[in-house]
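Chemist: What follows is a single structure, and I will ask about it in a moment.
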Amino acid sequence: MTTNNVKQSSRYIAVTILEKIEKNQSFSNLLLTEAVKNNRLTDKDRGLLTELVYGVIQNKLLLDYQLEPFIKQPNKVENWVKQLLRLSLYQMTQLDKIPTHAVVNEAVRIAKIRGHKGIAGFVNGVLRSVDRKGVRSPEVIEDSIKKISITYSFPVWIIELLIEEVGINETKKIVQSLSKRAKVSLRVNTQRVTLDEAIIQLNEEGYDVRKSKVASEGLICENGLPVHSKLFTDGLITVQDESSMLVAEAMQIKSGDQILDACAAPGGKTTHMATYLNGIDGMVTALDLNKNKLKKVRENAERLKVSSQIKAMQMDARKVNEKFSEQSFDKILVDAPCSGLGLMKRKPDIRYQKTLDDIYSLQTIQGDILNSVAPLLKEGGRLIYSTCTVTLKENNEVIETFLKKHTDFKLEPVFTFNKSVQLSEKGLLNLYPHYFDTDGFFIASLVKR
């Protein structure tokens, strides 16, 4: 294999991506998209690249634990070499179809090209020792928190926080579920096509789909990503997680409602809400602080044929009182900035980029946004608060604090079409990922007295 061929291989590209993620805290999904765009990869190579990058990230702490006995001076190992060893060990221990000798040989070739013979010898020695002696199991770890942390590769602080909030058994179920790969779920615009019609069309195009058990307008695609489907290009379907679709259901929108979406980008929920409006009186005013992200909202609205129901504005949601009068909106959605810990199936690197301090900082921002938008809601209007995280500190505690300060608001049970989606005693929706194999999500429904 030539040097050029090695550099264009999935494994070489994967090492580069993993290095950037760890050095620059870049997002894996964006780097993967960029890599696929810039390299001539077959479908098989693209699949392997995705598997390797996500697999190493999702198992990083476990891989480091298993490599530790074989590396005498880990602090002297360069970052890219560390990524190469993780990548190789992941293939050796968790991918059955790749022979060990092929993994080792490829790792040595990459080491020679990126480094020199000395590094290649080191990589070869470590991997040969691993193959000969085998790796240790985290089952021997006595500390229960550390054992969960290493087994599922979640930082200790996340494990400790979840145990404090929901107990050790639920914590295990949550992190185990978040270690899986995300399903591909689609939202169908049922104002323009029925679910059954969409299923027939997608089946004819070669996609295996079934109805969601969570969202009334959702489909699960078992094979591929149907972004080239005619339904997608015509704006009849879009990619959106089932849990996220429950927000528009919870809003209980009427066709003429004036709706404020305080944190709109990238626009999945915005466009969903817009499908319930008639385009004459009803309108979603979509705000976001980021100009580029707001562009994405407009692009999604245009593709989904709901531009006339959406007015996008660049604005900090904490300053809405400078632009809008009190009691201007029938419904308000605060899909708040959050840690995103519920998204770790599709963005596994989040777990290493957040800290407990971030949770407390976000809690303050979430409360500030709620306090700012509250006066803008009409009496009898509905305020939905949602996040894509699983921590009670960003969810239940934020709502409790808000209600103590705003006695003119009261909790109502979150509305869902699917009654098997269980609510808490107070009517809150804490949708943990292991319940329905979705993202982790939270919704609270508040009504102004």
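The values are calculated or read from the model by the stated rules, or taken from the named source; none is laboratory data. Worth saying up front: this structure is predicted, and the values here are computed from it rather than measured. With ideal geometry, Cβ positions are generated from the backbone for all residues, glycine too; neighbour counts draw on all protein chains shown. The area values use the complete protein model at the heavy-atom level, side chains included, leaving out ligands, DNA and RNA. Shrake-Rupley method; radii C 1.70, N 1.55, O 1.52, S 1.80 Å.
Chemist: So how far, in whole Å, is the C-alpha centre of segment 97-134 from the one of segment 358-373?
Modeler: 48
Chemist: A further question on this structure: Among LEU161, THR100, VAL6, pick out the residue whose Cα is farthest towards the positive end of the charge dipole of the chain, where Lys and Arg carry +1 and Asp and Glu carry -1 on C-beta, about the Cα centre.
Modeler: Towards the positive end, the residue furthest out is VAL6.
Chemist: Cα extents of segment 69-152 along the three principal axes, largest first, in whole Å?
Modeler: 42, 32, 19
Chemist: Filter the GluC sites (Glu not before Pro) in segment 64-149 to those in DSSP coil with at most 12 other Cβ atoms within 10 Å of their Cβ, and list the result.
Modeler: Working: sites: GLU78, GLU106, GLU139, GLU142; in loops: GLU78, GLU142.
Answer by residue number: GLU78, GLU142.
Chemist: If the chain between ASN29 and TYR360 were fully stretched, how many nm would it gain, using 0.36 nm times the residue separation less the Cα-Cα distance?
Modeler: Values: separation 331, 0.36 × 331 = 119.16 nm, distance 2.61 nm.
So the chain would gain 116.5 nm between ASN29 and TYR360.
Chemist: Using +1 at the Cβ of each Lys and Arg and -1 at the Cβ of each Asp and Glu in segment 337-449, identify which of SER424, LEU370, VAL447 lies farthest towards the dipole's positive end.
Modeler: The one lying farthest along the dipole's positive direction is VAL447.
Chemist: Keeping all protein chains in place, calculate the accessible area per residue for the chain (probe 1.4 angstrom), answer in Å². Intermediate values should be presented prior to the final figure.
Modeler: Values: 20690 Å² over 449 residues.
Ligands and nucleic acids excluded, the result is 46 Å² per residue.
Chemist: Principal axes first, then extents: for the Cα atoms of segment 291-449, list largest minus smallest coordinate on each axis, whole Å, largest first.
Modeler: Over segment 291-449, Cα extents along the principal axes are 40, 38, 35 Å.
Chemist: For segment 365-449, compute Rh as the Kirkwood radius over C-alpha pairs and then the Stokes-Einstein diffusion coefficient at 10 °C and 1.306 mPa s; write the answer in µm²/s, rounded to an integer.
Modeler: Here the translational diffusion coefficient equals 119 µm²/s.
Chemist: Relative to the Cα centre, what is the charge dipole magnitude of segment 329-409, using +1 at the beta carbon of each Lys and Arg, -1 at the beta carbon of each Asp and Glu, and rounding to the nearest 20 debye?
Modeler: On the way: 11 positive and 11 negative charges, 62 e Å.
For segment 329-409, the charge dipole is close to 300 debye.
Chemist: Checking the cross-link filter: which lysines have an alpha carbon closer than 26 Å to that of LYS147, excluding same-chain neighbours under 8 positions apart?
Modeler: Within the straight-line limit of under 26 Å, LYS147 reaches these lysines: LYS60, LYS72, LYS82, LYS133, LYS172, LYS173, LYS180, LYS345, LYS347, LYS354, LYS393.
Chemist: Shifting gears a bit: How high is the FRET efficiency from SER325 to LYS426, r the C-beta distance, R0 30 Å, rounded to 0.05?
Modeler: On the way: r = 31 Å, r/R0 = 1.04.
After rounding to 0.05, the efficiency reads 0.45.
Chemist: With r defined as the distance between the Cβ atoms of ASN75 and ASP143 and R0 fixed at 30 Å, what FRET efficiency is calculated, to the nearest 0.05?
Modeler: 0.80
Chemist: In segment 28-119, which trypsin sites (Lys or Arg not before Pro) fall in coil by DSSP and have 16 or fewer other Cβ atoms within 10 Å?
Modeler: Numbers: sites: LYS37, ARG40, LYS44, ARG46, LYS60, LYS72, LYS76, LYS82, ARG86, LYS97, ARG109, LYS112, ARG114, LYS117; in loops: ARG40, LYS72, LYS97.
Those satisfying the criteria are ARG40, LYS72, LYS97.
Chemist: Filter the GluC sites (Glu not before Pro) in segment 372-449 down to the DSSP loop ones having no more than 15 other Cβ atoms within 10 Å, then list what survives.
Modeler: Taking segment 372-449 and a limit of 15 other Cβ atoms within 10 Å, the loop GluC sites (Glu not before Pro) found are GLU425.
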